[in-house]
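Chemist: Below is one structure. I have some questions about it.
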DNA sequence: AATCAATTAAAACGGCTGTTTCAAACGGTG
DNA sequence: CACCGTTTGAAACAGCCGTTTTAATTGATT
């Protein structure tokens, strides 16, 4: 009588527009992404999902478990929205790096303003909660591992794994800034400059060049060669 | 009768431990930094500041204006806690860049865990509100301008201002990742690796080297020189 | 000592929150 | 049709929130 059994619809019909659980998950993701866990209200979520407030308790138990599930739902959706590129054998690592950076920027920045899935994941990265560990293991680490293996290939195995990881973080950091601090970046540079230089394509070319130059795989950005 | 005049103590005694306005400002900064604007409560702030709840309304009007003031207070304090380095004429730009990166990392990461001032500013950068414009103009832009002028000096005026800004963002991005996504970074790399390679000093050396190599001002990180 | 503005204190007020209750509606199954 | 577990709906609950009110206290000035 008092024992509440929480429903789990892990498999089918979870995407249909007449599936209440899916609608709640999607609405919650958007609200949590925009306002954060505290500021988002169950009533707003349920209004957006066109369900009764009691439905959250019925399907998820409470607000916290709804949040956990919506983060999981977000990175699962985003994984298949923007999958990692696949390369045929013999693809030069330089091209792989360029593809990876382009892929990462597209996944982070999106075409116009980024989808709520990314913004929700970003919140979890910036202020980790219980949902973070799964996000890292299932989403972030696989991507980071691919990056490090590309860098390993690129440097012909000269670098140790710690060094590769540090370089990988340099690559990620340059992309991450535009996503996490994009508003401030937009305030620091003139508006037209943002359109000309800071679009995903040119940015991917630039960041790739910057890293390749640092690794000695192409000419430095500045034409003047090392002085000493 | 109903007209409330908000107190402004812009000048003296604002730092004393028996100044209620200063205590509220400090307590609010810590609470906002840890929990964010919505989750932080006026009651908790006032308990921490050992003042009555009515004091917030008396000194600041409402919660929102208290937040704005506490962000201002945070970056004013942080400006004099970690001032920009000053260089004598003739200092080589390579040293200036290394100093700047070290200074930025120290300001962002702090010695142990970063002070609440930085975390509060970070929140404002990630999810800008009304307090962001002033933060950018008074704190971030001056630092960024210095960085760009160092890069200009470093490249002997070969780069256009937009290019300099883009390179500057590459420098900032590599530092910013450790601050904003430090928890996730810590989950991606082994614990001992974090202590060995990811401390402020070694990180500053590495990031400086990475950028100098990219700009052709020192040998690339990988010993193998450009192939083509 | 008396006066008066500045400051502090305690209590209360709506309003909104997450959550729960309980009954009504639904939808297959015998 | 009758049955019964599943799902939905409207309303209410207790609790905390930001803010305000009202009164007491302070502290310097006359």
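What follows draws every value from the coordinates through simple rules; no lab data is involved. Quick caveat, the model's predicted, so the values are computed rather than measured. Positions of Cβ are generated from backbone atoms using ideal geometry, with glycine treated the same way; all protein chains shown enter the neighbour counts.
Chemist: Do you know the relative contact order of segment B:99-222, to the nearest whole percent, from alpha carbon pairs under 8 angstrom that are 6+ apart?
Modeler: 33 percent
Chemist: Counting other beta carbons within 10 Å of each Cβ, put B:183, B:130 in order, fewest first.
Modeler: Result, fewest neighbours first: B:130, B:183.
Chemist: Then there's this: Classify segment B:100-159 from the C-alpha gyration tensor, please: rounded if a/c falls under 1.5, else prolate or oblate depending on whether a/b exceeds b/c.
Modeler: Taking the square roots of the gyration eigenvalues as a ≥ b ≥ c, segment B:100-159 is oblate.
Chemist: To test your reading of the geometry: what angle, between 0 and 90 degrees and rounded to tens, separates the Cα axis of helix A:93-109 from the longest principal axis of chain A?
Modeler: With both axes taken from Cα atoms, the answer is about 40 degrees.
Chemist: According to the square roots a ≥ b ≥ c of the eigenvalues of the Cα gyration tensor, what is the shape class of the protein assembly as shown, taking rounded for a/c under 1.5, prolate for a/b larger than b/c otherwise, and oblate for the remainder?
Modeler: oblate
Chemist: Quick one: label points 7 angstrom along Cα→Cβ at residue B:156, distances to the other copies in nm, smallest first?
Modeler: Output for residue B:156: 3.0 nm, nearest copy listed first.
Chemist: Per-residue Cβ counts within 10 Å, from other chains only, averaged over A:155-164: what number is that?
Modeler: If you average over the peptide's residues, the count of other-chain Cβ atoms is 3.
Chemist: Next question, about the same structure. Against the longest principal axis of chain A, how steep is helix A:20-39, in degrees 0 to 90 to the nearest 10, with axes from Cα atoms?
Modeler: For helix A:20-39, the angle is close to 60 degrees.
Chemist: Determine by what factor the alpha-carbon radius of gyration of segment A:155-200 differs from 2.2 N^0.38 Å, reporting the quotient.
Modeler: With N residues counted in segment A:155-200, Rg over 2.2 N^0.38 Å equals 1.58.
Chemist: What order, most packed first, do the peptides A:45-57, A:162-174 have when packing is the mean number of other Cβ atoms within 10 Å of each residue?
Modeler: Averaged packing, sorted descending, gives the order A:162-174, A:45-57.
Chemist: Starting with the fewest neighbours, write out B:73, B:113 ranked by other beta-carbon atoms found within 10 Å of each beta-carbon.
Modeler: Taking fewest neighbouring Cβ atoms as first place, the list is B:113, B:73.
Chemist: Please report A:140, B:68 as a ranked list, fewest other C-beta atoms within 10 angstrom at the top and most at the bottom.
Modeler: Ascending Cβ contact count within 10 Å gives the list B:68, A:140.
Chemist: Also, I was wondering about something else. Can you list the distances in nanometres, one decimal and ascending, from the residue B:86 label point to the identical position in each other copy, with the point 7 Å along Cα to Cβ?
Modeler: When each copy's label point is compared with this one, the spacings are 6.2 nm.
Chemist: If you don't mind, another one. How crowded by other chains is B:205-214, given as the mean number of beta carbons from other chains within 10 Å of each beta carbon?
Modeler: Rounded to a whole number, the mean comes out at 5.
Chemist: Which whole number gives the average count of other chain Cβ atoms within 10 Å of the Cβ atoms across peptide B:92-103?
Modeler: 0
Chemist: Determine the calculated [θ] at 222 nm for chain B from helices alone, applying -39500 (n - 2.57) to every DSSP H run no shorter than 4 residues and normalising by the residue count; nearest 500 deg cm²/dmol.
Modeler: Calculated from helices alone, the mean residue ellipticity at 222 nm is -20500 deg cm²/dmol.
Chemist: Report, in degrees rounded to the nearest 10, the 0 to 90 angle that the Cα long axis of helix A:200-214 makes with the longest principal axis of chain A.
Modeler: So the inclination is approximately 50 degrees.
Chemist: Let a ≥ b ≥ c be the square roots of the eigenvalues of the Cα gyration tensor of segment A:65-200; is it rounded (a/c under 1.5), or, if not, prolate (a/b larger than b/c) or oblate?
Modeler: Oblate.
Chemist: If the elastic network links every pair of Cα atoms under 10 Å, which of A:40, A:74, A:204 fluctuates the most in the Gaussian network model of chain A?
Modeler: Taking springs between Cα atoms under 10 Å, the residue moving most is A:40.
Chemist: Shortest first and in nm to one decimal, what separations exist between residue B:53 and its copies in the other chains, measuring from label points 7 Å along the Cα-to-beta-carbon line?
Modeler: Inter-copy label distances (nm, one decimal, shortest first): 2.1.
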